[in-house]
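The values are calculated or read from the model by the stated rules, or taken from the named source; none is laboratory data. This is a predicted model, so every value here is computed, not measured. Virtual Cβ from ideal backbone geometry, glycine too; neighbours counted across all protein chains shown. Protein only, heavy atoms only, side chains kept; ligands, DNA and RNA dropped before computing areas. Shrake-Rupley method; radii C 1.70, N 1.55, O 1.52, S 1.80 Å.
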Amino acid sequence: MCRCSVKCIKCVLSVLLISHVCFSLFQHYCYSRGGMRHTSYTCICGSGNNSSILHYGHAGAPNDKTIQDGDMCLFDMGGEYYCYSSDITCSFPANGKFTADQRAVYEAVLKSSRAVMAAIKPGVKWTDMHRLADRVHLEELLKIGILHGDVEEMLKVHLGSVFMPHGLGHLLGIDVHDVGGYPEGVERVDEPGLKSLRMGRVVQERMVLTVEPGIYFINHLLDKALASPAQCGFINTAVLTRFRGFGGVRIEDDIAVTADGVELLTCVPRTVEEIEAFMAEETSKPFSPISSQKL
Ligand SMILES: [Mn+2]
């Protein structure tokens, strides 16, 4: 189902409309091409500032925004095949071309995603992978100029969770957030960000997991950080202001843990160059999700 979901995502990447239309195209593609009657969850098709809403797409925020030129889009979509789930997020600029700020934030997340994937192997703690993603994000936000100061000090005051308030990833299987994340004897770490992890275990061979770091500009979390004496000193308010309304970037891949590393199950365009090339090629073709492709 990962392979078909990837093809569907590529199909949706090539046309942009109202968010729920993108969801419906994905559903149609999943069912007609992959025999997948259901998606694994209500897909998230956020754009612009809505891409910072972690579970955008629910009934209270029903994927109803028209996508605008210049928006970042965050599409979190997965098909379900005979109860087995997939869960993939692509973030991309609606018009196919990253601005300098969009590129900087996107590449910061890609760097943490790839650092985590390079570090995962049997025996590592999943909580340490989350901490690694936080560290890379903070290092990169420092380079962008949104933060200043010492990354070690930032980690002590949990500054990473201001930008990534969710967990790094979760077990994937019969359920999209599969069970077994906290068996008896495994305690949840009660720290911002880490407490949201749906899996607290040591990584084992043959586990299937999502790796989904993200950086989001969520106004109420930014305001809270600016009001916190422990955190506000690290934030460059003038630069941060530029990113208000940016939304967010998440890069979510599905992996299977092997004896000495990972197998990547989601082969979608990931680098800035791959995404821009893919969107330039696809948008140059006439689009019809029903008739243009042979079933
Ligand atoms: Mn996920």
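Structure remark: mean-square fluctuation, Gaussian network model of the chain, C-alpha springs under 10 Å; the largest value among Asp190, Asp175, Asp253 belongs to Asp190. The stretch between Asp175 and Tyr82 holds 32.4 nm of extra length on full extension. This uses 0.36 nm per residue minus the Cα-Cα distance.
Computed over Cα pairs, the Kirkwood radius of the range 172-212 leads via Stokes-Einstein (1.567 mPa s, 4 °C) to a diffusion coefficient of 116 µm² per second. Among the listed pairs Lys65/Lys224; Lys97/Lys121; Lys121/Lys285; Lys65/Lys285, those whose Cα-Cα separation exceeds 30 Å are Lys97/Lys121; Lys121/Lys285. The residues of the chain expose on average 44 square angstrom of accessible surface per residue, using a 1.4 Å probe on protein heavy atoms. Helix content alone sets the calculated 222 nm mean residue ellipticity of the chain: runs of n ≥ 4 DSSP H residues at -39500 (n - 2.57) each, divided across all residues, give -11000 deg cm²/dmol. Oblate is the label for the range 43-135, because a/c, from the alpha-carbon gyration tensor with a ≥ b ≥ c as root eigenvalues, is 1.5 or above and a/b does not exceed b/c.
Just the number, please: carbon plus sulfur as a percent of the accessible area of the chain, 1.4 Å probe, no ligands or DNA/RNA counted. Reported share for carbon and sulfur atoms: 54 percent. Using θ = phi - 60° in the Karplus curve 6.51 cos²θ - 1.76 cosθ + 1.60, the 3J(HN,Hα) couplings for the range 20-26 round to 5, 5, 4, 4, 5, 4, 4 Hz; x is entered for Gly and Pro.
Given R₀ = 25 Å, what would the calculated FRET efficiency be for Arg3 paired with Lys121, taking r from the Cβ atoms and rounding to 0.05? Given R0 = 25 Å and the Cβ-Cβ separation, E is 0.55. Note on the chain: with a GNM built from Cα contacts shorter than 10 Å, the maximum mean-square fluctuation among Asp87, Asp260, Asp71 falls on Asp260. Residues whose amide H falls under 5 Å from that of Lys65, counting only those 5 or more places apart or on a different chain, are Ser19, His20, with hydrogens built in the peptide plane. Note on Arg244 and Asp223: the extension gain reaches 6.5 nm, defined as 0.36 nm multiplied by sequence separation minus the Cα-Cα distance.
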